[in-house]
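Novice: Encoded as C-alpha cells, here's the structure I'll be asking about.
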C-alpha cells in the first residue's frame with residue numbers, strides 16, 4: 001500500500017456531535033482529544049512522516065465566546081498531550097492576535113519532543129489570508145512558498161475531513177493544491193481507527209499525477 005508522506009486532518013463535527021448527545025455545542029470539543037492522539041499513533045505506526053491538524057481558524061473566533069474558550073482550551077490540551085509523544089511539533093497561526101493562546105507561544109518555533117519521529121503541525125488561530133500576507137504584499141511573485149508563514153509545512157498528500165462536509169475551509173491553500181481529499185461522514189468525536197485505514201485504501205487507488 002502507498003503511504004502518504006503528509007496527511008492533513010480536519011476534525012469537524014464536534015458541535016453537531018454534542019447536540020446529538022444532548023449537550024450544548026461547546027461540550028463537543030473536549031471529546032475530540034482522544035481521537036487526535038489515536039490518529040497520531042496510527043499515522044506514526046504506518047510510516048506517515050508528517051501530520052497537520054486543523055485546530056481553529058481566525059474566522060472560528062467569531063463564534064460565541066463560550067465556544068471560543070472551549071475550542072481554544074481543547075487545542076492547548078491537545079498540544080500538552082502531544083508533548084508526551086515522540087514528535088517534531090510546530091504550532092502555527094496568528095500569534096500576534098489576542099485570540100492566540102499564550103500557552104502555545106513556546107511552540108511557534110518547531111520543537112523536537114522525545115525522538116521527534118514524525119512532524120506534527122497544529123494550526124491554531126490560522127487564516128489563509130494571514131498565511132499568504134507576505135506573498136501578497138511582496139513585489140516578488142516568483143517564489144510563493146518561501147514567503148508563506150507556513151513555509152515549514154510540506155505539501156499535503158492526503159486530507160481527511162470528518163463530519164461529512166466537502167470543503168477545505170481554508171486549510172493550507174498552497175500545500176493542499178494537489179491533495180487528495182477524503183471525507184468521513186462520522187463526526188470527529190466518533191473517530192474509529194478504521195476511518196484512517198479506509199482513507200488509506202482509497203488513497204492507494206488514486207492516480208497521483210500532480211498535474212503531469
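Novice: Give 42, 10, 37 a once-over and let me know the one that is modelled with pLDDT of 95 or more, touching a strand residue (DSSP E or B) at 6+ places or on another chain (Cβ under 8 Å) and closer than 28 Å to residue 203 by Cβ. Full working, then the answer.
Specialist: Values: 42 fails: touching a strand residue (DSSP E or B) at 6+ places or on another chain (Cβ under 8 Å); 37 fails: touching a strand residue (DSSP E or B) at 6+ places or on another chain (Cβ under 8 Å).
Among 42, 10, 37, only 10 is modelled with pLDDT of 95 or more, touching a strand residue (DSSP E or B) at 6+ places or on another chain (Cβ under 8 Å) and closer than 28 Å to residue 203 by Cβ.
Novice: Kindly indicate whether residue 134 is at negative phi and more than 14 Å from the chain's Cα centre (by Cα).
Specialist: Details: at negative phi: yes; more than 14 Å from the chain's Cα centre (by Cα): yes.
Spelling it out, residue 134 is indeed at negative phi and more than 14 Å from the chain's Cα centre (by Cα).
Novice: If a residue has to be more than 18 Å from the chain's Cα centre (by Cα) and more than 21 Å from residue 171 (Cα to Cα) to count, how many in the stretch 89-111 make the cut? Steps first, please.
Specialist: Taking the stretch 89-111 as the starting set, the residues that turn out to be more than 18 Å from the chain's Cα centre (by Cα) are 96-98, 102-103, 106.
The next check asks that each one be more than 21 Å from residue 171 (Cα to Cα); those that pass are 98, 102-103, 106.
The qualifying residues number 4.
Novice: Still on this model: Any residue at all in the stretch 119-140 that is in a loop (DSSP other than H, G, I, E, B), closer than 27 Å to residue 198 by Cβ and touching a helix residue (DSSP H, G or I) at 6+ places or on another chain (Cβ under 7 Å)?
Specialist: Filtering the stretch 119-140 down to residues in a loop (DSSP other than H, G, I, E, B) leaves 127, 138-140.
With closer than 27 Å to residue 198 by Cβ added as a condition, the list becomes none.
No, the stretch 119-140 contains no residue that is in a loop (DSSP other than H, G, I, E, B), closer than 27 Å to residue 198 by Cβ and touching a helix residue (DSSP H, G or I) at 6+ places or on another chain (Cβ under 7 Å).
Novice: Only one of (1) in contact with a helix residue (DSSP H, G or I) (Cβ under 9 Å, 6 or more places away or on another chain); (2) touching a residue at least 60 places away in the same chain (Cβ under 8 Å) is not met by residue 143, so which one is it?
Specialist: Going through the list (1) in contact with a helix residue (DSSP H, G or I) (Cβ under 9 Å, 6 or more places away or on another chain); (2) touching a residue at least 60 places away in the same chain (Cβ under 8 Å), residue 143 breaks only (2).
A quick yes/no check of all residues on (1) assigned to a loop (DSSP other than H, G, I, E, B); (2) buried (at least 18 other Cβ atoms within 10 Å of the Cβ):
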| position | (1), (2) |
| --- | --- |
| 112 | no, no |
| 151 | yes, no |
| 159 | no, yes |
| 186 | yes, no |
| 189 | no, yes |
| 194 | no, no |
| 201 | no, no |
| 212 | yes, no |
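Novice: Could I ask something else about it? Restricting to the stretch 49-68, and then to whatever is in a helix (DSSP H, G or I) and without any contact (Cβ under 8 Å) to a residue 60 or more places away in the chain, can you tell me which residue is nearest to the chain's Cα centre (by Cα)?
Specialist: Initially, the stretch 49-68 is screened for residues in a helix (DSSP H, G or I), giving 59-62, 65-68.
Next cut, without any contact (Cβ under 8 Å) to a residue 60 or more places away in the chain only: 60, 62, 65-68.
Details: 60: 14, 62: 19, 65: 22, 66: 22, 67: 19, 68: 17 Å.
Among those that are in a helix (DSSP H, G or I) and without any contact (Cβ under 8 Å) to a residue 60 or more places away in the chain, it is 60.
Novice: Next up: Would you mind finding the one in 35, 4 that is touching a residue at least 60 places away in the same chain (Cβ under 8 Å) and either surrounded by fewer than 18 Cβ atoms within 10 Å (Cβ to Cβ) or assigned to a loop (DSSP other than H, G, I, E, B) (or both)? Give the steps one after another, and end with the answer.
Specialist: Numbers: 35 fails: either surrounded by fewer than 18 Cβ atoms within 10 Å (Cβ to Cβ) or assigned to a loop (DSSP other than H, G, I, E, B) (or both).
Answer to the selection: 4.
Per-residue answers, yes or no, for (1) assigned to a loop (DSSP other than H, G, I, E, B); (2) farther than 13 Å from residue 70 by Cα:
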site: 9; (1), (2): no, yes
site: 17; (1), (2): no, yes
site: 22; (1), (2): yes, yes
site: 26; (1), (2): no, no
site: 42; (1), (2): no, yes
site: 45; (1), (2): no, yes
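Novice: Which residue, of 71, 100, is in a loop (DSSP other than H, G, I, E, B), modelled with pLDDT of 95 or more, buried (at least 17 other Cβ atoms within 10 Å of the Cβ) and in contact with a strand residue (DSSP E or B) (Cβ under 6 Å, 6 or more places away or on another chain)? Steps first, please.
Specialist: Details: 71 fails: in a loop (DSSP other than H, G, I, E, B).
Among 71, 100, only 100 is in a loop (DSSP other than H, G, I, E, B), modelled with pLDDT of 95 or more, buried (at least 17 other Cβ atoms within 10 Å of the Cβ) and in contact with a strand residue (DSSP E or B) (Cβ under 6 Å, 6 or more places away or on another chain).
Novice: Next question. Would you please name the residue that is surrounded by the fewest Cβ atoms within 10 Å (Cβ to Cβ), looking only at residues in the stretch 83-97 that are farther than 14 Å from residue 126 by Cβ and in contact with a helix residue (DSSP H, G or I) (Cβ under 7 Å, 6 or more places away or on another chain)?
Specialist: So in the stretch 83-97, the residues farther than 14 Å from residue 126 by Cβ come out as 83-89.
From the residues that got through so far, the ones that are in contact with a helix residue (DSSP H, G or I) (Cβ under 7 Å, 6 or more places away or on another chain) too are 85, 89.
Working: 85: 18, 89: 21.
It comes out as 85.
Novice: Might you let me know whether the stretch 51-60 holds any residue that is surrounded by fewer than 21 Cβ atoms within 10 Å (Cβ to Cβ) and farther than 18 Å from residue 170 by Cβ?
Specialist: Within the stretch 51-60 (the criterion being surrounded by fewer than 21 Cβ atoms within 10 Å (Cβ to Cβ) and farther than 18 Å from residue 170 by Cβ), the answer is no, since none of the residues qualifies.
The values are calculated or read from the model by the stated rules, or taken from the named source; none is laboratory data. Computed from a predicted structure; not experimentally measured. Positions of Cβ are backbone-derived with ideal geometry, glycine not excepted, and every protein chain shown enters the neighbour counts.
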